[in-house]
Amino acid sequence: MRILIVEDDRDVAGFVVKGLREAGHTVEHADNGRDGLFMAASENFDAIILDRMLPGGIDGLRLLETLRAQDNTTPVMFLSALGQVDDRVKGLKAGGDDYLTKPFAFAELLARVEAMSRRGKGEGPTTRLLVGDLEMDLLSRGVRRAGQKVDLQPREFRLLEYLMRHAGQVVTRTMLLEGVWDYHFDPQTNVIDVHISRLRQKIDKPFDVPLLHTVRNAGYMLRVEEP
Amino acid sequence: MRFAVLYALVFGISTAILAASLRYSTIGLLDRQTHEAIRADARGLAAHFTAGGLPALVLTLDSRINEDLNENAIYLLVDPLGNRIAGNMSRWPQGIDAPHVWYQVPVERAGKRSHALMRYYELPGGFQLLVGRDVSTRSQLRRVLRDGLIWALTAMLLLGALGALVVRGLFKRSLSDISATTRAIARGDLTQRVRRSGSGDEFDELAETINDMLDRITRLMDGVREVSNAIAHDLRTPITRARARLEDAASHARTEDELRGAIERATSELDGVVKVFQALLRIAEIEAGARRSAFASINLTPVLDDLSEFFEAVAEERHITLDTAWPRELPMVGDRDMIQQAIANLLENAIKFSPPDHHVSMSARMDAIHIEIHIADQGPGIPEGDRSRATERFYRGEQARSTPGTGLGLALVSAIAQLHGGTLRLDDNRPGLRAVLVLPRRALNPEATMRIKLWAQAIRKTEIKPNPHEETSSSDQRS
């Protein structure tokens, strides 16, 4: 993916650029709003990571509003130290697709940027999801693995659906919390892990090859392991 | 000073008005009566002249002069050449040359000097009739009144000035206390209070209001001080650990694995610090009341259903049974996200402190005004003496010190309850803790609906599009 990061803090920007390149992405960097807007408007990116407070007369919000006014629909994630709920609302209302508060873990940023840019591609409505020999019928709400029916509770179904829609990508606990349960708080217990392990019991345990993997220090990923 | 001047001004003006009205109603009345008497007299005499000619008029004049007991009536009738025909005046007074005009002239009658008010009328045939009244008594009265008024005005002026001084002194004394206190507060001495006179007047009320305000400020300052002490402690500890780990690794780590391990542990310590920060900021945000704008009509039943289902998995893993009971409908006005978070905090606490093979119960009931959410465990509970402090920031019970947590959970729940106009009550569950979240069903402020749509949108981020209005304005710029 081709990603633009507009961030004035050199350390943060360097850290993100390095991480994203290591993950196999092409990254461009602008350290002020004016350059950022110019690059975002004149080149094609798969995703933009945008700081809120920027030097150069154009802050993140204005940059995004200008971009959206030009019918540019590139997915944009705010990366900001302004973390109050009202700040988030402002960012999302200006046309942001996601909002990550500083300080952040790089794994969270990477997972969210990848998820966001895929969502931006717009695959159109699907009725069937397939990962390896695991298949989900969204209309009949049935799940089968290797032809065998798997019985899931409604919430387990939604958890699996989220994982399948993001198959091959790292999904963090926060993303699951927001995406599956629509919760915006930080649980003190390992409740997400417990739900994952319950799902594992149903979709992985009875079969030889596991599909649902734990990614250390990051989250989970549903994918077919290459032999 | 301004008040004293104002007082003196008001006092002076009212005194002047009083004096003027007194003068108008005495001297003025007498003047008007004299005018009327002269006019009536002249009308009568003119009638006699018309009816009986000159002789009848002279006769009437003589009889009137004789009948005048007070001897203050003045008459003079002259022929066209100015020769006196009748009357009690020897000659035509000087200066009276226009008919039907009031004149006040000095006269000398029976050797006495006095003043007279008079007016002359022209009769047919060129005769001129002068009719008047001696007003010397009236002049005396006027003098007496004038002297009286001057004395009264002087006295009032003195009294007014005295009053102004007294008012000024009173204001100054009452305000000097307040200003001295506020100056002391401004310098940083928060222990000062305005002295109360105990009279219950407006100044006393003001003093009381100011003292109440100062008490509240002091409580808030104490709160801030306690919190900052607690922050210093609770944040210093993990930061110290992280720092020690990093320094230790920098100088002692022998392998890359050791170094990485130390850095990872330090990072997770810092994550803990960030968590405390975020919780603190969130409490502050809620206490500031900024999010009341997100209030909407919600049904708590699905919220409770989802939360119990969400945490039931953790409970089961720890062999804890989660008992649930609530009605099908729990309608109320509030912020769904925040109530979710409050209940989640209470439920996680209960599960965290509940021993295995015991029950955690979660229930809700509703009356016309409130919804009560009970979450009870059979764990160690909180000693009665500590319960009021348990909702303070960074409170951690004896039993909780060994478990992970920020010590901010209950403070957050309490802040959320207060934002909704409700309370968080902590009871004894014998054994264990029973947390009761009491929420009013109607929000305190009804103006909330305005931004609800916005919030609903914000939570479903993907639906958000740049709004068409902004698009138009920008395309204007381009053209």
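Here are a few things to note about the model shown:
- Criterion: without any contact (Cβ under 8 Å) to a residue 40 or more places away in the chain and closer than 23 Å to residue A:220 by Cα - qualifying residue of A:95, A:24: A:24
- For region B:37-55, the count of residues that are closer than 30 Å to residue B:147 by Cα and part of a helix (DSSP H, G or I) is nonzero.
- Residue B:287 falls short on exactly one of the conditions (1) at the interface with another protein chain (Cβ under 8 Å from one of its Cβ atoms); (2) surrounded by fewer than 19 Cβ atoms within 10 Å (Cβ to Cβ); (3) closer than 25 Å to residue B:371 by Cα, and that condition is (1).
- Of everything listed in (1) assigned to a helix (DSSP H, G or I); (2) within 14 Å of chain A (Cβ to nearest Cβ), the single unmet condition for residue B:240 is (2).
- Checklist (1) within 17 Å of residue B:37 (Cα to Cα); (2) in a strand (DSSP E or B); (3) out of contact with any Asp or Glu (no Cβ under 8 Å at 6 or more places or on another chain) applied to residue B:115, failing item: (3)
- Test: residue in region A:136-152 that is touching a residue at least 12 places away in the same chain (Cβ under 8 Å), under 26 Å from residue A:98 (Cα atoms) and surrounded by fewer than 17 Cβ atoms within 10 Å (Cβ to Cβ): yes
So that you can scan it fast, the table gives a plain yes or no per residue for (1) out of contact with any Lys or Arg (no Cβ under 7 Å at 6 or more places or on another chain); (2) over 17 Å from residue B:344 (Cα atoms); (3) part of a strand (DSSP E or B):
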position	(1), (2), (3)
B:226	yes, yes, no
B:234	yes, yes, no
B:251	yes, yes, no
B:258	yes, yes, no
B:268	yes, yes, no
B:271	yes, yes, no
B:301	no, no, no
B:304	yes, no, no
B:311	yes, no, no
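- Checking each residue in region A:52-81 for being closer than 24 Å to residue B:279 by Cα and surrounded by fewer than 17 Cβ atoms within 10 Å (Cβ to Cβ) picks out A:53, A:81.
- Checking each residue of region B:366-386 against the condition of being within 13 Å of chain A (Cβ to nearest Cβ), over 28 Å from residue B:235 (Cα atoms) and touching a helix residue (DSSP H, G or I) at 6+ places or on another chain (Cβ under 8 Å) gives no match.
- Residue check, residue B:316 of a type outside the set (A, V, I, L, M), within 40 Å of the chain's Cα centre (by Cα) and either under 24 Å from residue A:192 (Cβ atoms) or part of a strand (DSSP E or B) (or both): no
- Positions within region B:225-252 being surrounded by 11 or more Cβ atoms within 10 Å (Cβ to Cβ) and within 44 Å of the chain's Cα centre (by Cα), in sequence order: B:226, B:227, B:229, B:230, B:231, B:234, B:235
- Whenever a residue of region B:284-300 is at pLDDT 80 or above, its partners that are of a type in the set (Asp, Glu) and not in a helix (DSSP H, G or I), lying with C-beta atoms within less than 7 angstrom and at least six residues away or across chains, give the pairs B:295/B:335; B:299/B:329.
- All conditions but one from (1) surrounded by 14 or more Cβ atoms within 10 Å (Cβ to Cβ); (2) under 19 Å from residue B:214 (Cα atoms) apply to residue B:163; the one that does not is (2).
- Evaluated against (1) under 15 Å from the mean Cα position of the chain (by Cα); (2) within 12 Å of chain B (Cβ to nearest Cβ), residue A:173 falls short on exactly one condition, (2).
- Some residue of region A:203-217 being within 14 Å of another protein chain (Cβ to nearest Cβ), touching a Leu at 6+ places or on another chain (Cβ under 8 Å) and either within 28 Å of residue B:272 (Cβ to Cβ) or surrounded by 19 or more Cβ atoms within 10 Å (Cβ to Cβ) (or both): no
- Strands (runs of 3 or more DSSP E) (entirely within region A:81-154) containing at least 2 residues that are within 13 Å of another protein chain (Cβ to nearest Cβ): A:98-101
- Of the criteria (1) within 30 Å of residue B:100 (Cβ to Cβ); (2) crowded, with 16+ Cβ neighbours inside 10 Å, which one residue B:146 fails: (2)
- Residue check for residue B:59: over 60 Å from the mean Cα position of the chain (by Cα), surrounded by 18 or more Cβ atoms within 10 Å (Cβ to Cβ) and either among the aliphatic types (A, V, I, L, M) or not in a helix (DSSP H, G or I) (or both): no
- Just one of the listed residues (B:300, B:307) is of a type in the set (A, V, I, L, M) and under 39 Å from the mean Cα position of the chain (by Cα), and it is B:300.
- Candidates are the residues of region A:20-36 that are surrounded by fewer than 21 Cβ atoms within 10 Å (Cβ to Cβ) and among the aliphatic types (A, V, I, L, M); the one that is farthest from residue A:114 (Cα to Cα) is A:27.
- If you check B:274, B:333 for being under 19 Å from residue A:187 (Cα atoms) and not charged (D, E, K, R), only one passes: B:274.
- Residue under evaluation residue B:167, criteria (1) in contact (Cβ under 8 Å) with a residue 24 or more places away in the chain; (2) out of contact with any Phe, Trp or Tyr (no Cβ under 6 Å at 6 or more places or on another chain); (3) farther than 30 Å from residue B:93 by Cβ; (4) in a helix (DSSP H, G or I), criterion not met: (2)
- Within region B:253-275, residues that are surrounded by 12 or more Cβ atoms within 10 Å (Cβ to Cβ) have Cβ atoms under 7 Å from residues that are of a type in the set (S, T, N, Q) in these pairs: B:275/B:406, counting only partners at least 6 apart in sequence or on another chain.
- Taking the numbered list (1) assigned to a strand (DSSP E or B); (2) under 40 Å from the mean Cα position of the chain (by Cα) in turn, residue B:322 passes all entries but (2).
- Residue identified as touching an Asp or Glu at 6+ places or on another chain (Cβ under 8 Å), of a type in the set (S, T, N, Q) and outside any strand (DSSP E or B) among A:66, A:74: A:74
- All of B:377, B:337 fail the test of being of a type in the set (Asp, Glu), under 24 Å from residue A:177 (Cβ atoms) and crowded, with 23+ Cβ neighbours inside 10 Å, apart from B:377.
- Region B:317-353, residues that are out of contact with any helix residue (DSSP H, G or I) (no Cβ under 8 Å at 6 or more places or on another chain) and either within 14 Å of chain A (Cβ to nearest Cβ) or among the small types (Gly, Ala, Ser) (or both): B:319, B:325, B:334, B:350, B:352
- Residue list for region B:376-416, filter: outside any loop (DSSP other than H, G, I, E, B), at pLDDT below 75 and not hydrophobic (A, V, I, L, M, F, W, C): B:398, B:399, B:401, B:402
The values are calculated or read from the model by the stated rules, or taken from the named source; none is laboratory data. These numbers come from a predicted model, not from an experiment. Reconstructed Cβ throughout: ideal geometry from the backbone, glycine too, with neighbour counts over all protein chains shown.
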